[in-house]
1. How many nm separate the modelled label positions at Glu303 and Arg332, each set 7 Å beyond the Cα in the direction of the Cβ?
2. Counting only the heavy atoms of the protein chains, how much of Cys27 is accessible to a 1.4 Å probe, in Å² to the nearest 10?
3. Computing the accessible area with a 1.4 Å probe over protein heavy atoms, can you report the carbon and sulfur percentage for segment 155-293?
4. Given 0.36 nm per residue, what is the gain on full extension from Thr403 to Tyr66 after removing their alpha carbon distance, in nm?
5. Please give the contour-minus-distance gain from Ala532 to Leu245: 0.36 nm per residue of separation, less the Cα-Cα distance, rounded to one decimal in nm.
6. How large is ³J(HN,Hα) for each residue in segment 287-300, as worked out from phi by the Karplus curve 6.51 cos²θ - 1.76 cosθ + 1.60 (θ = phi - 60°), to whole Hz, x for Gly and Pro?
7. Once label points are set 7 Å from the Cα along Cα→Cβ at both Val47 and Arg188, what is their separation, rounded to one decimal in nm?
8. Heavy atoms only, probe 1.4 angstrom, no DNA, RNA or ligands counted: give me Met130, Met576, Met179 ranked by accessible area, highest first.
Amino acid sequence: MRLWSAAALLLLLLPALGPALLASAPCIDRSVSMYIVAVSNTPNGTVGSYSLLQARVTCPGSGHVYIETRPLTSLDTQASSRIAAMVAARVAGVDFYSCDYFVSIVSNASIVGGPSASGAVAVGLALALMGLRPNTSVVMTGMINVDGTIGPVGGLVEKLEAAKEAGAKLFLIPAGQLMYPRVVVERRQVGPMVIERSRVVYVNLSRYGEELGVEVREVSSIYDALRYFAGIAPPTPGNASLDRLIPAEQRRAMEGWASQLSMECSKNLKVFEDYRRSLPPRVVRALEPFYNSSVELLRRVEEVSDPYIAATYAYRALINATYLRLVAEAYREGVLDVVGNVTARVQGMLKRYREELRGAEPNNIYRLSVMLNVWSRVAEAESSLSELLNALRSGACSYSPSTCLYRAAVLYARAYSIEGWLELLDLGVRAPAVSMRGIEDVSKLLLDAASTEVSYAKVLSGEVGKGSGYIALAEEMLGKAVEARNTVERLAYALRALIYSSLSMHDMFTIEKGAAARALRGNALALLKRIASQGAFVAANYLYIKLGDEYMERGDVSTALYLYEEASFLASLYSMLITGGAPPPSAKPGTATPATQGAATVTHGVTITVVQTVRETHTETLVRTVTVTQRVVVTEASGVQQGVPLAVFTGVVAALAALWILSLAAVARR
């Protein structure tokens, strides 16, 4: 009888236990729906099409990313969606591995997929994590990069037309692509033959958008996109200098670089000066610019206060001085022997560097950053070495000796400069710890992403009939990453493949490279300040930015873009490896709409904070009005289901029912 009474009491108390169980169950389930645009291949050519994207997050989770596409896309979207999920978690201030992510893309046309929708996927997942609804009049396209920047994509004219069909009022595109190059094929009948001629025309997307009734704006990062989708203010990097954060021992080591490189340069100049009288006058006159450049660069080394910039000047001086020495030696020993001696010496240097790297432990962010920089330089030196050896075998050095000798000079200077980077490993700079498991996971992720993006770049290159030298470099680095047995080596090559594939997209599609460069610079600074706040300032990244500024001032935007890209991608990599999240970005008062009431609050318009356990789902009922424009009318329905999670509730009821039956059986036996 006592058992039966206890069971009855528990059943009576069950309604009151629901809210208590809810408060203790850490369950979040949120979905966000929005439109994305793509291109479709038809018998009449390429056309734009729109699809429904549903981004869903459930917490707790394990960092799994699930993808559904209907119909199947022509390119893999798994790697780009995983990058999108990691970026979204970083933006929302959530541990990526604490949630699971679901991405569904449904279209009524066969779309060309790949990374071009990954920017929208990142936005959708970030909004779901923060409990915000998107502005459904906004549509975007762009590839999300590991650093949160939005990379260039193709098919923007067709995608703008698709955005119009989807009912968009605002279309977001990657920064620098407002003027879009489009290949136009013209056909002309000449007797029985049809002559085709292709030419490139540049479409002003802003003006074309005005004709369609759609405003077109550029975005450089996911933060820019979130401002338009939900009114979230992007972080500002500020203008404060980060020089003071460079460790003193690292600054002293870099000062030593400039001195060491300058000494080697002076030795080579001395050799040339000794041989100069024996050279033909016309050769001396041809070499005069190289000699003057070396002297001028050495003078700048003495005047510059920044040790890394000084070392860069000394490195460039060393290339010219080495070239002068090799030319002088070639007149005495022969070009083939001189170049052969350089390649043999560099091979020995690279072998030693590899052995030292494989014996090093990347146990913290500082050591990992040094090792990644060294591996990258080893990869560049090995590429230069391979090209030079091929030139020797093919006989190119015989009919173009000056080119071969200059390549040998660049190769030697590149290999020689690696020594200084290796010395940084022994400084013992304190930094947050990293695990080999984390490095392995990130290297696999970046390898998959690099494979997808390189394939995407190749597909678009074929479609627009425009290539980029960076594609070949990206393929080379991807091949090295696949073959690499060392985890850090694989990570370095995969990251470089990503950087080169991104640069190839800029080469093919970004007209305003200055805008893209400035966007990357701002993003790199913001990421550096973020990881610095977590005790992990990586000086090399900051120095890349400063060197990029130097090239921007000289008007060399392409080199600056390359340096900013490297700084931004590396900073995002270190951010992924550091344990712990950052607070979500600030929101403008009155602009961010909570996904459901009670799920998230905007506290003083500054931070978005999950304040209680909920299960929430937002669905959109799509009603297509059959008109010429095929406008889609979206009706939103949202609500909060508050109560015990279904599995928990069912289990409790079943247990109590069993307890009640057992008590009745006990009473019957009596």
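1. So the label points at Glu303 and Arg332 sit 3.4 nm apart.
2. 50 Å²
3. 51 percent
4. Stretched fully, the Thr403-Tyr66 segment lengthens by 116.2 nm.
5. 102.5 nm
6. Whole-Hz 3J(HN,Hα) from phi for segment 287-300: 8, 4, x, 5, 5, 5, 5, 4, 5, 5, 5, 5, 5, 5.
7. 2.9 nm
8. Largest to smallest exposure gives the sequence Met179, Met576, Met130.
The values are calculated or read from the model by the stated rules, or taken from the named source; none is laboratory data. In this text the structure is predicted, and so the values were computed from the model without any measurement. In this analysis, Cβ positions are derived from the backbone assuming ideal geometry, glycine residues included, and neighbour counts consider all displayed protein chains. Accessible surface is based on the protein model in full, side chains and every heavy atom, while ligands, DNA and RNA are left aside. Shrake-Rupley method; radii C 1.70, N 1.55, O 1.52, S 1.80 Å.
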